[in-house]
Amino acid sequence: MIKASVYIITLNEEKHIRRTLESVKNFDEIIIVDSGSSDKTLEIAKEYTKNIFYKKWEGEGIQKNYALSLCKNEWVLSLDADEEVSYELNNEIKNFTMQDNFVALDIKFLEYYMGVVSSNLVKKNTHIRFFKKTNGVYNTKGVHAQITIKNGLVKKSKFYIHHFSDKFIHEFVMKNNNYSTLRANENKNKGRKFSLIKLIFIFPLMFFKFYILRRNIFNGIRGFILAIVIAFYAFLKEAKLYELYLKEKSQI
């Protein structure tokens, strides 16, 4: 048994949630915060935990801060409902709770694109997901929830969380369309000004970064498609910021 709490926010995740919960069933506590699932998500979750709560969706940061507040243990692990903790990472986390030098673990992610795991040659994303509860807090103002470690040292993990991103291209595009609108409004509210230079160069720069520098070229056709989609998302944020500028000037 790992003396730590796992917290997961959910909405209609019946396809993945069992795999996620199976990977952490040896944790002392599992917290589920659901925002209105209409499928079998909660039915499956009840097989693994009694700690199931409902909270109306108010943003990722608010949801995760609420879930974090419900955890009783000193150490906590944040998971999304389409993720799986590897066996090796489970052991790494168990040993990590027995040391006092670090307060958080920055964990590597193995991404699954279009049903296939990303090449080992691709640069891996990392996220702080395991930490001491009193040392972490979520930013509730941005579009994406990011954990901030208030004090203490962060260690890089040796092993992985598997991320099963199985969305089709049209789902990625729809999600990016929604998020780019939110990010454009967020940037405007922060006082960020539209930049023609950025509008012109952001697409090729982001494509180069994702496809070449992050080595998604080794993901073949899948990597090329994803690089295009991500670069277009970056372009959309700038284009929509320009659109907001025009609306402000009553030009549209």
Task: Residues with amide H under 5 Å from that of Ile31, placed H, sequence gap 5 or more - done: Val6, Tyr7, Ile8
Task: From the C-alpha gyration tensor of the chain, square roots of 5λ in Å - done: 33, 22, 19
TODO: Give me the Kirkwood hydrodynamic radius of region 1-55, using the inverse of the mean 1/r over all pairs of distinct Cα atoms, in Å to one decimal.
DONE: 11.1 Å
Task: Helix-only [θ]222 nm of the chain, DSSP H runs n ≥ 4, -39500 (n - 2.57) each, per residue, nearest 500 - done: -12000 deg cm²/dmol
Task: Accessible area expressed per residue, region 194-248, with surrounding protein chains retained (probe 1.4 Å, Å²) - done: 59 Å²
TODO: Assuming 0.692 mPa s and 37 °C, estimate D for region 109-200 with Stokes-Einstein, Rh taken as the Kirkwood radius over Cα pairs, in µm²/s.
DONE: 198 µm²/s
Open item on the list: Over 19 Å between Cα atoms: which of Lys55/Lys175; Lys25/Lys50; Lys108/Lys155; Lys64/Lys237; Lys123/Lys158 fall into that group?
Closed with: Lys55/Lys175; Lys64/Lys237
Open item on the list: Give the separation of the Cα centroids, region 163-183 to region 215-249, in Å.
Closed with: 11 Å
TODO: Enter the Cα centre distance for the pair region 22-54 and region 89-123, rounded to the nearest angstrom.
DONE: 22 Å
Open item on the list: Please identify the DSSP H helices in the chain that span no less than 27 Å along the helix axis (Cα) and have a mean Kyte-Doolittle hydropathy of 0.5 or more.
Closed with: 220-248
Open item on the list: Check which residues have an amide H placed less than 5 Å from Asn73's amide H, if you skip close sequence neighbours.
Closed with: Ser5
Task: Rg/Rh (Cα only; Kirkwood hydrodynamic radius) as it applies to region 168-252 - done: 1.04
TODO: Would you mind getting the accessible area per residue of region 1-140, heavy atoms of the protein chains only, 1.4 Å probe, in Å²?
DONE: 47 Å²
Task: Approximate spin-label separation Val229-Arg192, in nm, with each point projected 7 Å along Cα-to-Cβ - done: 2.2 nm
Open item on the list: Within the chain, what whole-number % of the accessible surface is contributed by carbon and sulfur, with the 1.4 Å probe and all protein chains included in the calculation?
Closed with: 56 percent
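The values are calculated or read from the model by the stated rules, or taken from the named source; none is laboratory data. All of these numbers come straight from a predicted model, not from anything done at the bench. Ideal geometry is used to build each Cβ from the backbone, glycine not excepted, and the neighbour counts take in all protein chains shown. Areas reflect the complete protein model, heavy atoms only, side chains present, ligands, DNA and RNA absent. Shrake-Rupley method; radii C 1.70, N 1.55, O 1.52, S 1.80 Å.
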